[in-house]
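Here is the structure we will look at.
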Amino acid sequence: AEHLAMSDRVGMINLSHFAIFDIVGPDAEKLLEALSVAKVGGRKRIGSVIYTNFLNAFGGVQADLTICRRVENHYRVVTGGADGNRDWMWIRNHRDDWSLDADISIRTQDLATLGLWGPQAREVLGRFTTPEALSNEAFPFATARELELTLPNGLKIPVWAARISYVGEFGWEPSL
């Protein structure tokens, strides 16, 4: 029933167990480019989100994660909760082995993450922000940006939302 509801309408999943790291510094892009299968920097626009893997020395998958280019020399990595410590150590060890200048901040405890997915996700999220803020032009698939959500009681909540999901392009992963 939950699967059908999400496939046909909308559903929310608690993703707060996902590990989140901010990687900042002059060598942040160099570090993540060297580790990632996909291109994460270069001409990628600010706010772009990429789903990628890190590979081990044998070509096997070391990590399965998303990386967002937040601003110049600042990236956010989101990875599975069970893999968080392993992935953090992988990134940190390579940074140290290669003597790269990049700070790694663990943000997992700072940000609660929810997945809002399904064909009606835009409509539901639009109840808490302006619908034009969620348009394809303002918020294309595979991007992230800051949003301000207004709750029914008038309380405003800033969120960092990534428009990416495992269930199709109509999904957001807001972190608050």
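Write out the trypsin sites (Lys or Arg not before Pro) in the range 1-64 meeting two conditions: DSSP loop, and at most 15 other Cβ atoms within 10 Å of their Cβ.
R9, K39, R43, R45
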### Query
When ranked by the protection proxy of mean other Cβ atoms within 10 Å per residue, highest first, what sequence do the peptides 67-73, 94-100, 50-56 form?
67-73, 50-56, 94-100
### Task
Calculate one ³J(HN,Hα) per residue across the range 97-114 by plugging θ = phi - 60° into the Karplus curve 6.51 cos²θ - 1.76 cosθ + 1.60, and present them in order as whole Hz with x for glycine and proline.
4, 9, 6, 9, 9, 8, 8, 10, 10, 7, 10, 3, 6, 8, 10, 8, 10, 10
### Query
Among G115, G59, G42, whose mean-square fluctuation peaks in a Gaussian network model of the chain (Cα, cutoff 10 Å)?
G59
### Query
Rounded, prolate or oblate: which fits the range 1-74 when a ≥ b ≥ c are the square roots of the eigenvalues of the alpha-carbon gyration tensor, with rounded for a/c under 1.5 and prolate only if a/b beats b/c?
prolate
#### Entry: Helix-only mean residue ellipticity at 222 nm for the chain, each DSSP H run of n ≥ 4 adding -39500 (n - 2.57), per residue, nearest 500
-5500 deg cm²/dmol
### Summary
Here, GluC sites (Glu not before Pro) of the range 83-148 satisfying both criteria (DSSP loop; at most 15 other Cβ within 10 Å) are E137
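Considering Cα pairs under 8 angstrom that are at least six residues apart, work out the relative contact order of the range 58-176 and quote it in whole percent.
Normalised by residue count, the contact order of the range 58-176 is 21 percent.
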### Query
Using all Cα-Cα distances in the chain, what percent lands in each 5 angstrom bin from 0 up to the longest?
1, 8, 17, 20, 19, 15, 10, 6, 3, 1, 0
### Query
Anyone know which of G80, G118, G154 comes out most mobile in the 10 Å Cα GNM of the chain?
G154
### Message
Among A38, A162, A144, which one shows the highest mean-square fluctuation when the chain is modelled as a Gaussian network with alpha-carbon springs under 10 Å?
### Response
A38
### Message
Considering all alpha-carbon pairs of the range 53-97, what whole percent are spaced by more than 18 angstrom?
### Response
31 percent
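Any idea what the dipole of the chain comes to, in debye rounded to 20, about its Cα centre with Lys/Arg Cβ at +1 and Asp/Glu Cβ at -1?
It comes to approximately 240 debye.
Read-outs throughout are calculated quantities, based only on the coordinates presented, and are distinct from any laboratory measurement. Bear in mind the structure is a predicted one, so any value in this text is a computation, not a measurement. No Cβ is skipped: glycine too gets one built from the backbone with ideal geometry, and neighbour counts run over all protein chains shown.
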